[in-house]
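Structure record follows, encoded as structure tokens.
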Amino acid sequence: MTQPATRCRWSMLLILTLGAFFPGIGKGASNPTDYLSGVKPLLRERCFSCHGALKQEGGLRLDTVALMIQGGDSGATIVPGDARESYLLARLAANDLDERMPPEHEGEPFTAKQLAMVRTWIDSGAPAPEGEEPEADPEDHWSFQPVVRPDVPLGEVAWRRNPIDAFLSHRHQELGLVPQPEAPRLLQVRRLYLDLVGLPPSAEEIERVVNDRSAMWYEHLVDRLLEDPRHGERWARHWMDVWRYSDWWGYRDILRNSQKHLWHWRDWIVESLNRDLPYDEMIRQMLAADELYPEDADKLRATGFLARNFYIFNRNIWLEQTVEHVSKGFLGLTMNCVKCHDHKYDPFEQADFYRMRAFFEPYHVRLDMVPGEADYERDGVPRVFDAQLEMPTYLFVRGQETRPDTSTPIEPGVPDILAFDELEIEPVALPTRAWKTELRPWTAAAHVTLAERDLAAAERSLRNLVNKQKKDSHKPDAKIERATWKVKEAEARLASVRLRAAASKAARPGVDAMAMIATRAEAVRGERALELVKRQAAVAAKQLSLDQAKGDERNAKAKKELASATKALRDAEETASKPVLLEETFTPLEGAKWATTRFLHTGRDDPPITFPAHSSGRRTALARWITDRRHPLTARVAANQLWMRHMGEPLVADVFDFGRKGSQPTHPKLLDWLASELMEHGWSMRHLHRLIVTSAAYRMSSSLAGAESNLAADPDNHYWWRRTPGRLESQVIRDSVLALAGTLDPTMGGPSVPPKSQENSKRRSLYFFHSDDKRNLFLTSFDEALPAECYRREQSIVPQQALALSNSKLVLDAVGQIATRLSEQTTDEDGFLRQAFVVILGFEPTEREIAASREVLRTWRRLPDTSEERARANLVWALINHNDFVTIR
């Protein structure tokens, strides 16, 4: 039976809940708190975007009661004590859509309950708190202000190790918080390994660090891990989340989204992080390497960032996603909110979305041939180029692509509040090899290799058929004749490719004009010969079909097809016999292939796009604006991401929205100091990594022991008085199991592991094929990154996670191997147990834990068909299912 006190609490809760919907119940609508908790939030959500600090349509502001009474162009908006005479309520409740506020396209109308709340508040005198302040000027918002390096605070020095701690300890002192002590060495070592390289330390690595008695043991370990090639792999996955990495996907074999071989961009990210390529340079290469470094194949891989946005059917969806995620990922701005109307919170006009889109309007995607491979299905580098330089950008009325405002083309530009200099856009004259890809030195060689490979395959197929025919003593059949023609066609193709390769080489400057004309004529004749063989093969095939045709209808059809093929052969013979004219040319050996679109018809490809000799220079201008040190957002957004992924929580909770609707930073000065450090040290992310992980804040224990007063003052640890524990990402969990088992394949780079091969693959999870419809099941159980958008990973707790660690093939295969490796370290049972806790969980077991482990081992040994090895494997299995295995503490 419910106790009286409990019933009383539930009664009060019910009264307060009803009071939110029916002012007058409970404390009464005359209390200013009802305005602050009910009416004002509603007006802020529905009305302030047009009648607040951002805009004042009709000269009206509604962000304070005083301003409502003052009114706008139409006079007073409310009459305190008389809702019937209040213009505000009349507009909110109007039945006429032209009169009702908010307008239909701006948001949902007020409900009857909400209107009743506003009416009751006005009738009760429209009470408001004393000194109510209007909204601040949007242009004064913190994130739109220049980054100014703050002074490092003075104060507590005993705890802090670097300036990061000075900023935090300053707030600790203000709030009376006492930071937790430093975590034990073993835990710090595990934390660093998982954080910096994404793998747990081995027993040997743990022993090495534990036995290092130098005062700088920690700093030495940090430097070693930052130089470790695995660091690039670990942190590449973080940035791949933010930058929306996704392998291609579509219906069956039709590439509809992203690009094939996008792993080249992934490898560029890994390599760039391992070289500590400056963050600003990474942005410039991802947005405009084709304009900045048009002949640098390694840097061109970076533009996979934009190639990933490809969408075969709709150019508008493609470009909308580009604008949205360039803005969120680099600037922390929700520019997608202004596709249909002016931003409701930030000082951005609808036209700003289309100005941003105009930077990307000309760009397209293509696959560049890699040396030694002319088959684009096997390999190729996805990258971008400007294709349609004159394509205009139009504003879509209410965001509807069917209603473009063609009266005024939109030029590239940035929001006024972020325009700190005149934007200079200069077209880029591309070097010849960037657009005449047949002139690249490896193009001809790759085509020759492919043609040789095709000829060898055709010859091999013919040999197999001939040998089979001899063995079976059969007379020659149609299959052999078709195979013979395939060999002839492959021979003619190889000859044509070689002649075209020679002609392309001869077309370069410095070659004698007569020699150039001669080789070109040979290439033309080679193509004619190839066409002739194709037509001869077609006639032979149609003749075979006629010979095998049964029935009058099929016979008539075969005769008609043979006649058509014969006519085409006669035309090819006539063309082959003609002399080559001086102006005739050959088909160049392509060194790149554009990504075919179906914007015009969903069932067939659009006309092919040529590669222009110029690029617009728009994306270069955008990249330079984003990475200009005067930009208030870029470095702050990057510093916030780095802090969050090291410390478990961000300084700005809304990591992709630094606008007015987003959260205020918990430590604005620390954020600006980190952003300043990033820029002043050449945009080196490694510099910020080192600063964060060597701080006293990072090295703290995550324990709550003895922290009662801290919990009372800051229960959510907003001010970092302890280390925030966090669940490991899905990739780290899987990779850790393999690393402990000694089976992790350390091979770096290369094509993504296809889904059908992943169950038995030992590669790092970073290299798994990852797309919208093909994600690894084990990884998705632990909140794998969503390809569409993942600026911050989820940390759910669901039953499937326990099942994955208990029953997956990955874990069941690994536990025996882990137990064997641990047993090799010591033959002593207690030694094995301590080693298991240290290596798997990162802490020394207590005597109680040792005793319990001994007991469970004895129990397992008594089971039928159980060996010592299996008992120890069971213990390893239990520890892998321990919460600390999947947690960074």
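Values for this structure:
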read-out	value
Three semi-axes of the equivalent ellipsoid, segment 235-292, Cα gyration tensor, whole Å, largest first	24, 13, 9
Cα principal axis extents for segment 694-815, largest first, Å	53, 34, 33
As computed over segment 536-670, the Cα convex hull volume per residue (Å³)	309
Residues with amide H under 5 Å from that of Arg256, placed H, sequence gap 5 or more	Trp249, Gly250, Tyr251
Convex hull volume per residue in cubic angstrom - Cα atoms of segment 183-251	117
Vicinal HN-Hα couplings computed from phi for segment 480-492 (Karplus, 6.51 cos²θ - 1.76 cosθ + 1.60; Hz; Gly/Pro x)	5, 5, 5, 5, 5, 5, 5, 5, 4, 5, 5, 5, 5
Cβ-based exposure ranking for Lys40, Lys559, in which fewest neighbours within 10 Å come first	Lys559, Lys40
Positive minus negative residues near Ser74 (Lys, Arg vs Asp, Glu; Cβ under 14 Å)	-2
Segment 690-738 pair-distance distribution - Cα-Cα, 5 Å bins, rounded %	4, 18, 20, 17, 17, 13, 7, 3, 0
Overall Cα dimensions of the chain - principal axes, largest extent first, Å	101, 87, 63
Long-range HN-HN contacts of Val428 with modeled amide H, under 5 Å	Ser615, Ser616, Gly617
Using a Förster distance of 25 Å, the FRET efficiency for Glu227-Ser703 (Cβ separation, nearest 0.05)	0.20
Cβ-based net charge around Ala128, under 15 Å, with every Lys or Arg adding one and every Asp or Glu removing one	-4
Cut-off under 5 Å, modelled amide H: who pairs with Arg763 long-range	Asp745
Cross-link reach list, lysines versus Lys578, counting only Cα pairs under 24 Å and skipping chain neighbours closer than eight places	Lys488, Lys534, Lys567
Selection from Ser496, Ala507, Ala558, by position along the positive dipole direction of segment 459-586 (Cβ)	Ala558
Assigned charges on the beta-carbon of Lys, Arg, Asp, Glu; the chain dipole about Cα centre (debye)	3780
Estimated Rh, segment 452-492: Kirkwood, alpha-carbon pairs, angstrom	10.3
³J(HN,Hα) computed for each position of segment 822-834 - Karplus, 6.51 cos²θ - 1.76 cosθ + 1.60, integer Hz, glycine/proline x	5, 5, 5, 6, 7, 8, 6, 4, 5, x, 4, 5, 5
Kirkwood Rh and Cα Rg combined as Rg/Rh, segment 520-586	1.17
Stokes-Einstein D for segment 301-392, Kirkwood Rh over Cα pairs, 10 °C, 1.306 mPa s (µm²/s)	109
Rh by Kirkwood over Cα pairs, then Stokes-Einstein D for segment 205-356 at 0.692 mPa s and 37 °C, µm²/s	183
Of Gly59, Phe769, Ala457, farthest towards positive along the dipole that unit charges on Lys, Arg, Asp, Glu beta carbons give the chain	Ala457
Globularity ratio of segment 335-476, using Cα Rg and 2.2 N^0.38 Å	1.83
Three principal axis lengths of segment 440-537 [C-alpha, angstrom, descending]	59, 26, 13
Net charge contributed by nearby residues that have their C-beta within less than 15 Å of Gln664 (K/R +1, D/E -1)	-3
Magnitude of the charge dipole, segment 437-534, Cβ model with Lys/Arg +1 and Asp/Glu -1, debye to 20	300
In degrees, nearest ten, helix 730-741 long axis to first principal axis of the chain (Cα)	70
Size of charge dipole - segment 816-886 - debye, nearest 20, with Cβ of Lys, Arg +1 and Asp, Glu -1, no other charges	200
CD proxy at 222 nm, helix term only [per DSSP H run n ≥ 4: -39500 (n - 2.57); per residue of the chain; nearest 500]	-15000 deg cm²/dmol
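Bear in mind these aren't lab numbers, they're just calculated from the coordinates by the rules spelled out. Computed from a prediction, not measured in an experiment: that's the story for all the values here. Note that we place each Cβ from the backbone using ideal geometry, even for glycine, and neighbour counts take in every protein chain shown.
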